[in-house]
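A.B. asks: This is the structure, below, for whatever I ask next.
The values are calculated or read from the model by the stated rules, or taken from the named source; none is laboratory data. Computed from a predicted structure; not experimentally measured. All Cβ positions, glycine included, derive from the backbone under ideal geometry; neighbour counts span all protein chains shown. We work out accessible area using only protein heavy atoms, side chains counted, and drop any ligands, DNA or RNA first. Shrake-Rupley method; radii C 1.70, N 1.55, O 1.52, S 1.80 Å.
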Amino acid sequence: MKWDIPSLEELEDAVWKCTACGNCKTAYDFGPPPTYGEICPAGVEYGFDGNMASKGKIAFARGILDGQLEWTQEFVDDIYRCTICGGCQNQCELDHKPVIPEIIEAMRRKAVSDGVGPMPSQKVIAQSMRSYNNPYQGPRRVRTDWTRPFKKAKKPIKNIMKENAPILFYVGCTGAFNLPVRNFPVATASIFQKLGLDFGILGENEICCGSTAMRLGDVDEFKRVAEANMKTFKDLHDNHGVETIVTSCAGCFRAIKKDYSLSDEYEDHLGGLKVIHTTEFLFNYFKEGKMEFTRELPWKVTYHDPCHTGRHLIQFDVDEDGSRQWKGSYMGKNEETCLYDIPREMIRAIPGIDFVEMERIRSNSYCCGGGGGVMTGYGDWAAKNAGLRVQEALDTGAKQMISICPFCHFNLNEGSKRIKSNMKVYDLVELIDMVL
Amino acid sequence: MTEMPKRSKTDSQITKRLCEIVGEKNATDMKHIRYAYSYDLSFVMPKLPDYVVMPTNVEQVQEVMKFANQEKISVTPFTAGTNIGGLCIPENGGILLDMKRMNRIIRIDEESHYAIIEPGVSHAQFASALAKYKLRFSWPVGPPSASTSSCSISHGIGGLSGRYGLNSEEITSMEVVLPTGELVRVGSCAIQEDAWHSCLPLPRVDGLFTGWLGTTGVVTKIGLRVHPMPPILKVFTASTENIGHMASYLRTLGNYEICDDLTGVSWWLSQVPIPYPYKPKPSDVPEWISFATTFSWTEKEKQAREEIWKMVVDEETKKGSSLKETEYPEEALRARTQLPSQIVGSTKNYTKQGGAGISWPGTFTPVNKWEPVYEEWKKILMARNLSPSVRVTNYRGVHYGMLRAMIPFPKKDPASIENARQAIVECLKVDLDNGGIPYKPPVDFGLEINKRAHPGYIELLKRVKQMLDPNDIMNTGKLAL
Ligand SMILES: Cc1cc2nc3c(=O)[nH]c(=O)nc-3n(C[C@H](O)[C@H](O)[C@H](O)COP(=O)(O)OP(=O)(O)OC[C@H]3O[C@@H](n4cnc5c(N)ncnc54)[C@H](O)[C@@H]3O)c2cc1C
Ligand code: SF4
Ligand code: SF4
């Protein structure tokens, strides 16, 4: 399989498009009324301009490319002190905008290939990926522990390798191995069963999607698991009747949908399959009136937009051949594919729910602080940042915070504990399961 | 892991002391951090600071200054570095004093219409806070993330300058740490700690800290006049075939003092983005286009402004002007009237095609000199394949005017940077010889200004600088004295 994953050198022209205007440092909207908010978790924590937003990250890239900067321990550290949330990217309007996260990841890839990255605590992930096919050092058999209640209740979940089904529920490593968020796959499978869907899981044969490896710059490891997964998915489609892959993890969703598309065999392997996030998948049932919320939930809730189901899914319109403006000109963006309205619509439809918004939402959502390998590399900072986000949620008067990403979920919970708040974090599937 | 590259001037003892003052996390001599402060978007050559320090309170600023003064280390104040003149690029290395962490809005006095803010407060932050009181400031057409305080002390201009003049004229009081570390106050807050409403009627010592390019002290708090926000916006847009007719129109309309912002731009500047390299203007479109921004409290007030505007158009038409009511390009108009501006702030309309670089000959030039200077600039810029993307703006009615060419260029290519630099300096000379004065001048401009200056003026500057900064540590070299 051939991959079109650019090196930093290949992105040099894009790097030289940045004016250092600093527009990316804050999320500002004219309104009226004008709104303003911090958007860069790294900037909030570390503060120097180099740490701040794409202005800083591109300065690093520029320094590497023009030979001014050589690797030091601290420099590598600062390249990994970024959640790759894309908050900065959303503020930029120049031609390099579409590739800002790629520039950051390309620096990480360079650090890895030069033998200086990722950070020591993140190397554990790389090792775990190689030994266990997941970033949590979880033995294979533990992957299906969450299915026990279903076995007990005599409602077993199909092993899709053994029994065909049109829907593959791709659980993801976080839901399977990370105890505090294990209710995720449980709730998802429970909803699927309540809806009478014919679905299965890969069980012990599921391997990591490669998202974390990719975010850390470990491109070889990413390719290894991505290629294996793509082959599995093709096999499931060709031989086991699978038409749809549903995933409840924002990271897996982004990886399968976007990162895998960098392969020249993407169409061949995944062309016949629909890859969909649980939220959107369920929304289709909801829209068609096939999923009714019957019970009341008298909660005051707010919603946190995960980066991976939000701005990471923005589609950028680039003048590829120069026929409209010039070659490579960034023409505009399309947010239709971002999961902004769908979760909100479903939350609002739950009887008894009082839904309130935080200040920074949708494309200007403030990252929980867990992405880009930060939760593993810098757990303390990740939780501290999540505390800031939880505080923003508390300021709305909400008592529960909803999201659709197990990473955000875990990290926001850590943040809530850290600021000693009573804020409870739920995944949307947990709520839906409660009211179905 | 490779070794940290050899450093020319950093001294770990100095770093240690700076860390003691502001905390480990807020001071560093690491090269990758310093590198990010070594350049900006202008043609000014990059230069590395030796240390970066982020104070979080006034006492820390004082300690840093005392230490720097004692050790004779240069200090360059910085908030966002977007001044378009390399003013935060340290000519002499030393400490880059990043003030962004002092970003409290201390007071918004909704009755007396002033606010007290710290230097790290951005336009975006201030705008959203003021909007809650239906108040506004004269926002520059620049990055929303840049500092309101730095804009004001640098004689910046904004969307209300047509009515109220420069943003430095809005300063009501200041707290400043001198280069030697003492804390001083100017304006009413100097007499009564809590009174930040006016610099007058005291002697105007606030002038010691405005327009000095960060060479005389570190502003730690600033009082600024703010203004009510009338609900009805009406923008009058008109075009002319040439700068002469445009200048006449702006002068006549300016006489009535009904506009918050009264600006004319050449065709090249009205494009999003400015064409780079130079592209000829289509022959069937006018060369100049203008917007006149007015705000009214009532429909009747708006109608009265419309009546005045029509009178002006009639007056100009009678003079034989090519003036016509025109549609201003939609995005360009939003960029200039929805302030602070995301579009201009992101430099989209300036550099998107040029590629990362912009500099300007930005000047205050009397309205009657706009025409001859523009015609010369056009020749200079076009000869170098650069667009004559020029703006003219009235301040305070017709009292004075801005004349500026915004020049994009690709930062990746040294020859293109030099081409732009030479063109801009040439333009500047023409303007200076016509009585114009550049604002936020990079050193290249400073040299040209000082060459022409009265010897007594230069001597006075030197004496004031010597009095305030005996060791010449603050933004060393920027005044080109
Ligand atoms: C696209 C674009 C358009 C622009 N349009 C406008 C415009 O319409 N009007 C306008 O006025 N400006 C404009 N600017 C310039 C600039 O953005 C603004 O003036 C801005 O508010 C300056 O803030 P800053 O934080 O970037 O200042 P900096 O560049 O960080 O600092 C400016 C100067 O102040 C000094 N300084 C900084 N902090 C202190 C302190 N605490 N004490 C003492 N000295 C200090 C610095 O040393 C430097 O000399 C524009 C810039 C860009 C990129
Ligand atoms: S990344 Fe974009 S918004 Fe940020 S400094 Fe560069 S050009 Fe400006
Ligand atoms: S991706 Fe997120 S954390 Fe990284 S620099 Fe941009 S805003 Fe900051």
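A.B. asks: Which order do A:Met434, B:Met102 take when ranked by solvent-accessible area (1.4 Å probe, heavy atoms of all protein chains), largest first?
C.D. replies: Putting A:Met434, B:Met102 in descending order of accessible area: A:Met434, B:Met102.
A.B. asks: Run the 1.4 Å probe and let me know the accessible area of B:His32, rounded to the nearest 10 Å².
C.D. replies: Solvent-accessible area, nearest 10 Å²: 10 Å².
A.B. asks: Treat the range A:49-88 as a sphere of radius equal to its Kirkwood radius over Cα pairs and apply Stokes-Einstein at 25 °C in a medium of 0.890 mPa s; give the translational diffusion coefficient in µm²/s, rounded to a whole number.
C.D. replies: Calculated translational D: 237 µm²/s.
A.B. asks: To the nearest 10 square angstrom, what accessible area does A:His409 show with a 1.4 Å probe?
C.D. replies: About 10 Å², ignoring ligands and nucleic acids.
A.B. asks: Can you tell me, using C-alpha contacts under 8 Å and at least 6 residues apart, the relative contact order of the range A:325-436 as a whole percent?
C.D. replies: Dividing the mean separation by the residue count of the range A:325-436 yields 23 percent.
A.B. asks: How far, in degrees from 0 to 90, does helix B:299-318 lean away from the longest principal axis of the Cα atoms of chain B, to the nearest 10?
C.D. replies: Tilt of helix B:299-318: around 70 degrees.
A.B. asks: Decide, for the range B:38-133, between rounded, prolate and oblate: order the square roots of the alpha carbon gyration tensor eigenvalues as a ≥ b ≥ c, take rounded if a/c falls under 1.5, and otherwise choose prolate if a/b is larger than b/c, else oblate.
C.D. replies: Oblate shape, in that a/c is at least 1.5 and b/c is the bigger or equal ratio.
A.B. asks: Among A:Gly117, A:Gly63, A:Gly31, which one shows the highest mean-square fluctuation when chain A is modelled as a Gaussian network with alpha-carbon springs under 10 Å?
C.D. replies: Fluctuation is largest for A:Gly31.
A.B. asks: Of all alpha-carbon pairs in chain A, indicate the percentage at a distance above 30 angstrom.
C.D. replies: 41 percent
A.B. asks: Just need log10 I(q)/I(0) for the range B:232-441 at q = 0.11, 0.12, 0.14, 0.17 Å⁻¹, Debye formula, equal scatterers on the alpha-carbon atoms, no solvent, rounded to two decimals.
C.D. replies: Listed by q, the Debye log ratios stand at -0.50, -0.60, -0.81, -1.18.
A.B. asks: Of the residues A:Val275, A:Val225, A:Val44, which exhibits the maximal mean-square fluctuation in a Gaussian network model of chain A defined by a 10 Å Cα contact cut-off?
C.D. replies: Result: A:Val44 has the largest fluctuation of those listed.
A.B. asks: Further question: Can you give the charge dipole size of the range A:131-287 about its Cα centre, rounded to the nearest 20 debye, using +1 on the beta carbon of Lys and Arg and -1 on the beta carbon of Asp and Glu?
C.D. replies: Once rounded to the nearest 20, the dipole reads 960 debye.
A.B. asks: Please tell me the relative contact order of chain B in percent, rounded to the nearest whole number, where contacts are Cα pairs under 8 Å and at least six residues apart.
C.D. replies: 17 percent.
A.B. asks: Using DSSP to call loops (not H, G, I, E or B), can you name the trypsin sites (Lys or Arg not before Pro) in the range A:134-166 whose Cβ has at most 14 other Cβ atoms within 10 angstrom?
C.D. replies: Passing both the DSSP loop test and the Cβ count: A:Lys154, A:Lys162.
A.B. asks: Select from the range B:42-97 those trypsin sites (Lys or Arg not before Pro) which occupy a DSSP coil region and have at most 13 other Cβ atoms within 10 Å, ordered by residue number.
C.D. replies: In loop regions of the range B:42-97 (DSSP not H, G, I, E or B), the sparsely surrounded trypsin sites (Lys or Arg not before Pro) are B:Lys72.
A.B. asks: Once each part is reduced to its C-alpha centroid, what is the distance from the range B:400-460 to the range A:364-436 in angstrom?
C.D. replies: So the two Cα centres are separated by 52 Å.
A.B. asks: Additional query: Using only atoms on other chains, find how many Cβ atoms lie within 10 Å of each Cβ of peptide B:349-360 and report the average.
C.D. replies: That works out to 4 on average.
A.B. asks: Looking at the protein assembly as shown, send over the antiparallel percent of its DSSP beta bridges, to the nearest 5.
C.D. replies: 70 percent
A.B. asks: Give the residue from B:Ile108, B:Asn167, B:Gly211 lying farthest towards the positive end of the charge dipole for the range B:105-228; charges sit on Cβ (+1 for Lys and Arg, -1 for Asp and Glu) and the dipole is referred to the Cα centre.
C.D. replies: The residue sitting most towards the positive pole is B:Asn167.
A.B. asks: Could you tell me, in Å, what Rg and Dmax come out for the Cα atoms of the range A:83-165?
C.D. replies: Answer for the range A:83-165, Rg first and Dmax second: 20.0, 57 Å.
A.B. asks: Based on Cβ point charges of +1 for Lys and Arg and -1 for Asp and Glu, what charge dipole magnitude is obtained for the protein assembly as shown about its Cα centre, in debye rounded to the nearest 20?
C.D. replies: 1240 debye
A.B. asks: Follow-up question, since we're still on this one. Between B:Gln466 and B:Arg107, what is the spin-label point distance in nm, taking each point 7 Å from the Cα along the Cα→C-beta axis?
C.D. replies: Result for the modelled spin labels: 3.9 nm.
A.B. asks: Using Cα atoms only, what is the angle between the long axis of helix A:406-418 and the major principal axis of chain A, expressed in degrees (0 to 90) to the nearest 10?
C.D. replies: 80 degrees
A.B. asks: Also, I was wondering about something else. Measure of size requested: the Rg and Dmax of the protein assembly as shown, with Cα atoms as the atom set and Å as the unit; please supply both.
C.D. replies: 29.4, 97
A.B. asks: Right, another one. Please check: in the Gaussian network model of chain A (C-alpha springs, under 10 Å), which one of A:Gln89, A:Gln122, A:Gln325 has the largest mean-square fluctuation.
C.D. replies: Residue with maximal mean-square fluctuation among A:Gln89, A:Gln122, A:Gln325: A:Gln325.
A.B. asks: In terms of the ratio Rg/(2.2 N^0.38 Å) built on C-alpha atoms, what value belongs to the range B:324-481?
C.D. replies: Here the Cα radius of gyration is 1.17 times the empirical estimate.
A.B. asks: Distance in nm between label sites at A:Asp264 and B:Asn450, each 7 Å beyond Cα in the beta-carbon direction?
C.D. replies: 6.1 nm
A.B. asks: Here's a follow-up. List the residues of the range A:21-39 whose accessible area drops by at least 50 Å² when all protein chains are present, compared with their chain alone, using a 1.4 Å probe and counting only protein heavy atoms.
C.D. replies: Those residues are A:Cys21, A:Asn23, A:Tyr28, A:Phe30, A:Pro34, A:Tyr36.
A.B. asks: How large is ³J(HN,Hα) for each residue in the range B:122-136, as worked out from phi by the Karplus curve 6.51 cos²θ - 1.76 cosθ + 1.60 (θ = phi - 60°), to whole Hz, x for Gly and Pro?
C.D. replies: Going residue by residue, I get 8, 4, 4, 5, 5, 4, 6, 6, 5, 4, 5, 9, 6, 10, 8 Hz, with x marking Gly and Pro.
A.B. asks: Does the range A:293-436 classify as rounded, prolate or oblate by the C-alpha gyration tensor (a ≥ b ≥ c root eigenvalues; a/c under 1.5 gives rounded; else a/b over b/c gives prolate, otherwise oblate)?
C.D. replies: Taking the square roots of the gyration eigenvalues as a ≥ b ≥ c, the range A:293-436 is oblate.
A.B. asks: A follow-up question, please. Could you run the numbers on buried accessible area between B and A, total for both chains, 1.4 angstrom probe, in Å² to the nearest 100?
C.D. replies: Approximately 4500 Å² gets buried when B meets A.
A.B. asks: Can you give me the orientation-averaged projected area of the convex hull built on the Cα atoms of chain B, in nm²?
C.D. replies: 23.3 nm²
A.B. asks: Something else about it: Could you work out, for the range A:40-143, what percent of all Cα-Cα pairs fall into each 10 Å distance bin, beginning at 0 Å and stopping at the bin that holds the largest distance?
C.D. replies: Using 10 Å bins, I get a P(r) of 14, 41, 29, 13, 3 for the range A:40-143.
A.B. asks: Helix B:443-452 versus the longest principal axis of chain B: what is the Cα-based angle in degrees, 0 to 90, to the nearest 10?
C.D. replies: 70 degrees
A.B. asks: Can you send over the carbon and sulfur percentage of the accessible area for chain A, probe radius 1.4 Å, protein chains only?
C.D. replies: Carbon-and-sulfur percentage of accessible area, whole number: 48.
A.B. asks: Just give me a number: lysine pairs in the range A:223-311, eight or more positions apart or cross-chain, with C-alpha atoms less than 27 Å apart.
C.D. replies: Going through the range A:223-311 pair by pair, I get 20.
A.B. asks: Can you find, among A:Ala383, A:Val181, A:Thr278, the residue farthest towards the positive end of the dipole of chain A? Put +1 on the C-beta of Lys and Arg, -1 on that of Asp and Glu.
C.D. replies: In chain A, that residue is A:Val181.
A.B. asks: Here's another thing I want to ask about it. What does the charge count near A:Ala255 come to, summing +1 for each Lys or Arg and -1 for each Asp or Glu among other residues with Cβ under 15 Å from its Cβ?
C.D. replies: Local charge sum for A:Ala255: -1.
A.B. asks: Per Stokes-Einstein, at 4 °C and 1.567 mPa s, what whole-number D in µm² s⁻¹ belongs to the range A:131-287, with the Kirkwood radius over Cα pairs as the hydrodynamic radius?
C.D. replies: 83 µm²/s
A.B. asks: Another question, then. Is the C-alpha gyration tensor of the range A:366-429 telling us rounded, prolate or oblate? Criteria: a/c under 1.5 is rounded; beyond that, a/b larger than b/c is prolate, otherwise oblate.
C.D. replies: Oblate shape, in that a/c is at least 1.5 and b/c is the bigger or equal ratio.
A.B. asks: Rounded to two decimal places and with Rh computed the Kirkwood way over Cα pairs, what is Rg over Rh for the range B:82-237?
C.D. replies: Rounded to two decimals, Rg over Rh is 0.96.
A.B. asks: Taking the Cβ of B:Asn394 as the center, what net charge do the other residues with Cβ under 14 Å away carry, scoring Lys and Arg +1 and Asp and Glu -1?
C.D. replies: +3
A.B. asks: Still on this model: For the range B:12-98, what is the charge dipole size about the Cα centre, in debye to the nearest 20, if Lys and Arg each add +1 at the Cβ and Asp and Glu each add -1 at the Cβ?
C.D. replies: 140 debye
A.B. asks: Let me ask something additional. To the nearest whole percent, what portion of all C-alpha pairs in the range A:273-328 is separated by more than 15 angstrom?
C.D. replies: In whole percent, the share of Cα-Cα pairs in the range A:273-328 beyond 15 Å is 74.
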